[in-house]
Amino acid sequence: MVNIKELQASIGETPILKGLNLEIKPGEVHAIMGPNGSGKSTLASVLAGREDYEVTGGAVDFEGQDLLEMDATERARSGLFLAFQYPVEIPGVSNINFMRAAVNGKREHDGLEPIKGKDFLNLVKEKASLVELDGRLRNRSVNEGFSGGEKKRNEIFQMAMLEPRFAVLDETDSGLDIDALRIVANGVNAMRSPDRSFLVITHYQRLLDYIVPDFVHVLVDGKIVLSGDKDLALKLEEKGYDWIKEDVIA
Amino acid sequence: MAYDGNDKVLEEVTGKSYEFGFTTDIESDKAPAGLNEDIIRLISSKKEEPEWLLKWRLDAFAVWQKMKEPDWPHLQYQKPDYQAISYYSAPKQKKQLNSLDEVDPEMRKTMDKLGISMEEQKRLSGVAVDFVMDSVSVATSFKEKLGELGIIFCSMSDAVKEHPELVQKYLGSVVPTKDNFFSALNSAVFTDGSFCYIPKGVRCPMELSTYFRINESGTGQFERTLVVADESSYVSYLEGCTAPQRDENQLHAAVVELVALDESEIKYSTVQNWYPGDAEGKGGVFNFVTKRGICHRRSKISWTQVETGSAVTWKYPSCILKGDHSVGEFYSVAVTNNAQQADTGTKMIHLGKNTHSTIISKGISAGKSHNSYRGLVQVMPSADNARNFSQCDSLLMTDTSGAHTFPYIEVKNPTAKVEHEATTSKIGEDQIFYCLQRGIDEEQAISLIVNGYAKEVLNQLPMEFAVEAQKLLSISLEGSVG
């Protein structure tokens, strides 16, 4: 599905990713953990095609295509989704109209006609129920005046609407209380399937109790330094990152 | 930080020629350039005007000669040479028209290009169109249907001939000839425009619409519009403009007067898309317009404007809230791109008791343009319990554009309540990236964000106009983020 090889990226003159390797197969859920400043969010941004970051080396293959050659819109339309750590507010644009533009963008890419009004509304209804997003939030301006939890639920709602092949969740658990965390995780779990992959970026093991990963990787200073199964997350929770820096890197 | 290919897109757009930049080749009857009493007499006689109107024009001309062009706006432009302009030009149309088929094919083509062909208008929207091309109306429709209700909707020339008592009573009653430099000039030389009268208690059943179009090279356009809503009547009036591409600047100094008698309501909506000039602003239209309405007891005037065109805009649609409990509203979106300059806003003059006014202004600046909001809220001693709410927002698309706000508030009555809110923001790269990541392309992303920003104003427009206005906003700002 996704094959990242020796990926290097910097912002301005500062290198952030320093040769990152990661292969994600269809249906797999990978978690990336790591201390602050290790490059987790940069990885998410680079994969999504944010131009603030310059890719200085390496390659990313996305279902046989050269991901780094595609612009952000193309990546999205080809099935890459990023759930933002800080979802953006767009005043005056209703959530519904926003999603309609997004869905039709993808359909255009797939050579399909724009979705019919009735079909669209049915789709909205179906997907909104996944994350308990009520009608009020659907019709309000995109993320405007949403609570932290509502914004994250809205991200997962959008993901469900767009049915991506590969979804990157960037610290989706930050700012969530236990109930919201459960709702968001249930939404994600409902979407797990043999031909959809996830990359879950998180600081805390807690999220991984709900979204159980197949693999856990530790990112330190722009590289993956340790990989394991879900038990690695428990160990990190207990011992922190310092032992890795000492044992693994040294 | 720029998005991929942004510079290229910007170049492409600024290099792109104005979509409506075409001219129609129609024989015209044109006065020699220059302005003096003889020219005014010529205009008046060509139009077979009564003596009182000629005298009115000459008085205005005398006043104008003593006036100076205003230099207080936040605008920089080469002041027009008023003696180099031809003040009269009328397409030669020899016979009376009974149907659309008789309209000059060239003119029909122009209308088709504008996407406002009469057939389409008739079929789609039920809008009566008074199409003004170079100062003389060439086609008027739906006149009969309106006539049944006693509504008068015709060219100003026809109104002078057919309803002189109404014209004489109200012309210049809201915007006196000596009001300002441009209104005085307009009063002296106006050649045509629209006249509308809604009788007592009548609710006009359709949106009245006028499309203006400047056509003759080097001809100033001096439109005069007068809308009178008699007691307890209602009318919604639409005005939309496009203009052909030109090398020299084209002056447009229109005057619009609205009279809302007791308990009536006038809704006046404008979508303005005149040629803004090339990327340097060369050749664009100068738009110096005086628009004002007077509100009598319990009446309401609502101005809505979407301004995307012109090289230079100087325009302050205003309300004089004379009657008790009268209401004035101003909703505006002004877009400037490239080298465009706009100094626009409103004046709300509170005279009556319990008068209310609302001002919502949304400025959008792109390229290296400058966009100024200038507003006056004046509460006179007689205006007990006057209320005003003003909101002036500015959106910057580039680092090289400018947004300026000049709000003036004069309150002479202690019971008044005046609120003013203002914000300035830059279009967010975060917002754009969020859209891109959802599979929405950059042009559409900007369109969504800008239309969202302007939504409060666009919502005030009649449906068919709102759609057109949204398209215009998007076209005006294509590739303009930087």
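Every read-out reported here was derived from the displayed coordinates using simple, explicitly stated rules and does not represent laboratory data. Remember, predicted model here, so these are calculated numbers, not experimental data. We place every Cβ from the backbone using ideal geometry, glycine too, and count neighbours over all the protein chains shown.
Structure values in brief
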| quantity | calculated |
| --- | --- |
| Between 0 and 90°, nearest 10: helix A:95-109 axis offset from chain A longest Cα axis | 80 |
| Gain on full stretching of the segment that runs from A:LYS118 to A:ILE178 - 0.36 nm per residue minus C-alpha separation | 18.1 nm |
| GNM top mover of A:LEU80, A:LEU234, A:LEU169 - chain A, alpha-carbon springs below 10 Å | A:LEU234 |
| Which listed pairs, of B:LYS315/B:LYS347; A:LYS118/A:LYS152; A:LYS18/A:LYS230, have C-alpha distances above 22 Å, in listed order | A:LYS118/A:LYS152; A:LYS18/A:LYS230 |
| Ranked packing of B:356-368, B:226-238, most packed first, by mean Cβ within 10 Å | B:356-368, B:226-238 |
| Cut-off 17 Å (backbone N to label point 7 Å along Cα→Cβ of B:SER382), residues of region B:301-339 | B:319-328 |
| GNM result for chain A, Cα springs below 10 Å: residue of A:LEU20, A:LEU123, A:LEU199 fluctuating most strongly | A:LEU123 |
| Within a Gaussian network of chain A (alpha carbon springs, distance under 10 Å), most fluctuating of A:HIS217, A:HIS109, A:HIS30 | A:HIS109 |
| Relative contact order %, region B:263-372, counting alpha carbon pairs below 8 Å whose residues are six or more apart | 26 |
| Shielding by partners - mean other protein chain Cβ count within 10 Å, residues of B:428-434 | 6 |
| Relative contact order computed over region B:373-442 (Cα-Cα under 8 Å; 6+ residues apart), in percent | 40 |
| Average partner coverage of A:95-108, which counts Cβ from other chains inside 10 Å | 3 |
| Over chain A: helical MRE at 222 nm, DSSP H runs n ≥ 4 each giving -39500 (n - 2.57), nearest 500 | -11000 deg cm²/dmol |
| Per residue, the convex hull volume that the Cα atoms of region A:2-249 enclose (Å³) | 123 |
| Test item: B:439-447 mean partner chain Cβ contacts at 10 Å | 6 |
| Likely footprinting exposure, B:LYS417, A:LYS230, B:LYS322, B:LYS315, fewest C-beta neighbours within 10 Å first | B:LYS417, A:LYS230, B:LYS322, B:LYS315 |
